[in-house]
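Single-structure report; data block below.
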Amino acid sequence: MGILINSLGVIRLRSIVSIVKVINGYVYEAVSKAIDLIGGISKYVGKGDRVVVKPNLTRATNKPHICTSPEVVAAVIKLCNDAGAKEVIVAESSPIGVDTEKAFEISGIKSVATKMGARILDLRKCRFVKIPIPRGKVLREVEIAEPILNADALINVPKMKTHYGCTITCALKNMKGVISDLSKRIMHRAGIKRAIAELNTVIKPTLTIVDGIICMEGLGPVDGDPIRMDLVIAGEDPLAIDSICARVMGFNPEEIEVLRYAYELGIGAFKPHEIEVVGEELERVVRRFKPPPSDLREYFKLAGIYVKNACSGCISTLIIILNTFKEEGILDKIKEYYIVTGSINNIPKDAEGRKIVLLGNCTSKFKSLGLFIPGCPPRLGLAIPVLKMGRLVDKYEVYLEKYYT
Ligand code: SF4
């Protein structure tokens, strides 16, 4: 932390965020330098510590712009081992509907972690502990995986991406991967932006190291485009990190609701004068990322879509469906429907008189009112034929579809 003296002469601590360029693909060197610039690994990991490293595994994929890079995770494990950690655990609970173990395997993280003596842990299979959120307005409590609470050090290793719904996803949002599926659903119902901020009042990573090497722009956090930045960004304060990452991506942090809520809740520094950037000059690494669309209706030119309280599972499924119909030149078919997904209390008023499609288990209580596609999230192999045929389909019809999975 640096020192900040305000106009009244009051001394406050400034959060320090380091920005380091990855040169010629030397990832370990960049991660190590980023941590050295904020005090060195021994400031965060002691001899005999049990360390949990939390990457972002949004999907079971090896596409480099979706999940945290295995090279960054490997660098963090090596630094922890060298600092004398007794045990390093790489832990994640991927979004609802994504198999975390598969994600570890396919992303390449399992392979590098086990080679370096670290343990892989699917947090979805762990015991969860209810933790009250005293400053919560939309969340009263949250279920956090026990190994996270028992760790001597929690190292957050998010990916820098755009996010449909939250504008960016980075340090604060990555903490959603340490809670139970039940808590994830509650967060979406409660309003994800405020809920992310409130969650971060009770989970405090010891250190955050952002994989800003191959990032994502546009329709993130899954369906956007890769953008190479070759950066590693590190710090202790997750809000300061997200504020700097937003600026690196060309966004104004003041316009990002999650960050504003986090600031109101006192999670950390947010304004430029409260943060000291070390390493690369911020202005020299800024790129204007393509923003995520603010409204899927506008993006796909479809009025009949309601996704307000859906999580990334159903939103991503819906985006793949819409892109598939678009590529096949049959997007007009979707215009017949009003598609509702996510947790709802009522059917939206503008759906009246339309053929309603209820996508995902969150909509099941209204299933008698329309064409219900079950699943959490629904399988594409089922959803696509149902939407193409406009009716429920049998197993044989699903089998005939090329999206059978
Ligand atoms: S049904 Fe869809 S929106 Fe609801 S929790 Fe499952 S994936 Fe998320």
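What follows is calculated from the coordinates using simple rules that are stated; it is not laboratory data. Owing to the predicted nature of the structure, the values given are computational and were not obtained by experimental measurement. Glycine also receives a Cβ, built like all others from the backbone with ideal geometry; neighbour counts cover every protein chain displayed.
Annotations for the structure displayed:
- For a modelled paramagnetic label at residue 42, 7 Å from Cα along Cα-to-Cβ, the residues of the stretch 75-106 in reach, with backbone nitrogen under 11 Å, are 83-84.
- Highest mean packing comes first when the peptides 178-184, 219-225 are listed by Cβ atoms within 10 Å, giving 219-225, 178-184.
- Every helix of 4 or more DSSP H residues in the chain counts as -39500 (n - 2.57), and over all residues that averages to -8500 deg cm²/dmol at 222 nm.
- Among 31-37, 58-64, sorting by the average number of other beta carbon atoms lying within 10 angstrom of each residue, highest first, gives 31-37, 58-64.
- Cα pair count fraction exceeding 19 Å, expressed as % - the stretch 221-285: 33 percent
- Centre-to-centre separation between the Cα atoms of the stretch 228-281 and those of the stretch 19-77: 18 Å.
- 18 Å cut-off, amide nitrogen to a point 7 angstrom out along residue 290 Cα→Cβ, residues in the stretch 42-82: 63-67
- Beta bridge orientation in the chain: antiparallel %, DSSP, nearest 5: 45 percent
- Over 32 Å between alpha carbons, listed pairs 43/290; 115/326; 54/271; 110/326; 125/365; 47/271: 43/290; 115/326; 110/326; 47/271
- The stretch 160-292 shape via C-alpha gyration tensor axes, a/c threshold 1.5: oblate
- Using the Cβ of residue 246 as centre and a radius below 15 Å, the other residues enclosed give a net charge of +2, where K and R count +1 and D and E count -1.
- Hydrodynamic radius by Kirkwood, which averages 1/r over all alpha carbon pairs of the chain, in angstrom: 21.9 Å
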